[in-house]
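What follows is a short report on a single structure.
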Amino acid sequence: MDYLAATAEKKYLMFISQNYSYAILRPLQREILARGGEVKWFLHGKTVNRDFLDESEQTLDSVDAIHDWQPDVLFAPSNSIPTFIPGVKVGVFHGFDAGKLNSKGQNDHFKVRGCFDLYCTQGPNTTAPFQALAKKHGFFQVKETGWPTLDPFFSEIENNPYKNPDDNRKTLLICSTFSKRLSLAPKLYEQIKAYSEQGKWRILVQFHPKMPSELVERYKALQNDNLTFVETDNVLPLLQAADVMLCDTSSILLMFILQRKPVVTFCNQAPGEHLIDITDVNKLTEAIDYAFTQPAELMAKIEHFCQQLHPYQDGLSSQRVLAASNELLLSNPALKPKPRNFIRNFKMRRKLNYWRW
């Protein structure tokens, strides 16, 4: 059966709670609309900005409205979603597994919360763990599809606002996670300030949206002809514009490295041969200079890593996610019931002010 053709006249809900989710789900939206499906968005929480919606994008503003619309499939780039709303629930991830560990020493990327019917994984190094979890739990399926976010990534973005053809310096992109324990932003501030004054490289800075505002303001104050602070809901053009990234343990580094470009990390939680990881700030400049040379040995290790992380460079991951979702919807497999999740669902009902049963 042609599961892509089955998209016609079906309803798909994009359930988001962060601004970066727009860019994750829009390639998928394009595939749905091109095949005659219908898409609506539900913006959950106060951290997602309605101003990022395109004029053509329609929203549902309450759980009652979702029930009235009756979506066939729900896509969410989040760890958990309410199970009391209709539709086959598909997890598409909000990033790659960067090896972050929680306070209990566990990797949250592989924590199953009993919300999804299908996980669409990004590559072999996430597929195998989720397949093991699916076999253990029995209430969801796993399909390796690649990540829809990256579909536009494998073609050059026209009129990239972050490139400057009149500036022949190398471009360094600095990104950081928001966790005080993991973030390079407070630890490397003085060094980055010095770089902004030296002008050796063209520097772009972009932080996780949950970064403390006072730290964001400190970096914004550094802006000059050498350093630009960027706030955006779509990081893909930003990633394409840089030659090397400086990062910590943020999963955005994995998106960057898929371009086969080097990444320097500061105190990374899961350092590997594909990264240039340092723990001594005095070695930072040397490491960045080395990365700009793209040494052959490092580039070979990056290529091997990318094949495990996300081997798809055809820009068709959204099609694979859509086909897998339609297949699950139409085949109606005999999955075990999801766990009740009384406490989590009660909290969700309270947040959404929804008490209809």
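The values are calculated or read from the model by the stated rules, or taken from the named source; none is laboratory data. The structure displayed is predicted, hence computed values, not measured ones. Don't worry about glycine lacking a Cβ; one is built from the backbone with ideal geometry, like all the others, and counts go over all protein chains shown.
Determine whether the stretch 165-173 contains at least one residue that is under 19 Å from Gln259 (Cβ atoms), under 18 Å from the mean Cα position of the chain (by Cα) and either buried (at least 22 other Cβ atoms within 10 Å of the Cβ) or among the polar types (S, T, N, Q) (or both). The answer is yes, given that some residue of the stretch 165-173 is under 19 Å from Gln259 (Cβ atoms), under 18 Å from the mean Cα position of the chain (by Cα) and either buried (at least 22 other Cβ atoms within 10 Å of the Cβ) or among the polar types (S, T, N, Q) (or both). Entry remark, the stretch 41-66: residues being in a loop (DSSP other than H, G, I, E, B), without any contact (Cβ under 8 Å) to a residue 24 or more places away in the chain and hydroxyl-bearing (Ser, Thr, Tyr) number 1 in total. Within the stretch 253-291, count every residue that is assigned to a helix (DSSP H, G or I) and of a type in the set (A, V, I, L, M). Looking only at that region, the number is 9.
Only residues that are farther than 16 Å from Ala185 by Cβ, surrounded by 18 or more Cβ atoms within 10 Å (Cβ to Cβ) and either hydroxyl-bearing (Ser, Thr, Tyr) or touching a residue at least 40 places away in the same chain (Cβ under 8 Å) (or both) were counted across the stretch 262-291, and they come to 3. So which residues in the stretch 198-244 are under 28 Å from Leu53 (Cβ atoms) and of a type in the set (Asp, Glu)? Within the stretch 198-244, Glu217, Glu231, Asp233 meet the criteria.
All conditions but one from (1) at pLDDT 95 or above; (2) more than 18 Å from the chain's Cα centre (by Cα); (3) closer than 23 Å to Cys247 by Cβ apply to Val88; the one that does not is (3). The residue pairs whose first member lies in the stretch 150-169 and is within 13 Å of Arg202 (Cβ to Cβ), whose second member is assigned to a helix (DSSP H, G or I), and whose beta carbons are closer than 6 Å, counting only pairs six or more residues apart or on different chains, are Tyr162/Pro237; Tyr162/Leu238; Tyr162/Ala241; Lys163/Ala241.
Pairs are defined by a Cβ separation below 8 Å, a sequence spacing of at least 6 or placement on different chains, a first member in the stretch 302-317 that is modelled with pLDDT of 95 or more, and a second member that is among the acidic types (Asp, Glu) and not in a helix (DSSP H, G or I); the pairs so defined are Phe305/Glu273. Restricting the stretch 67-77 to residues that are more than 20 Å from the chain's Cα centre (by Cα) and part of a loop (DSSP other than H, G, I, E, B), the residue that is farthest from Pro148 (Cα to Cα) is Gln70.
Hey, among the residues in the stretch 35-66 that are under 22 Å from the mean Cα position of the chain (by Cα) and of a type in the set (Val, Ile, Thr), which one's modelled with the lowest pLDDT?
Let us first name the residues in the stretch 35-66 that are under 22 Å from the mean Cα position of the chain (by Cα), namely 39-54, 57, 59.
Still in the running and of a type in the set (Val, Ile, Thr): 39, 47-48, 59.
Numbers: Val39: 98, Thr47: 90, Val48: 93, Thr59: 97.
Once the filter is applied, the top-ranked residue is Thr47.
On the stretch given as the stretch 113-149, residues that are without any contact (Cβ under 8 Å) to a residue 24 or more places away in the chain and out of contact with any helix residue (DSSP H, G or I) (no Cβ under 6 Å at 6 or more places or on another chain) total 9. For the stretch 137-155, residues that are more than 13 Å from Asp314 (Cα to Cα) and assigned to a loop (DSSP other than H, G, I, E, B) total 3.
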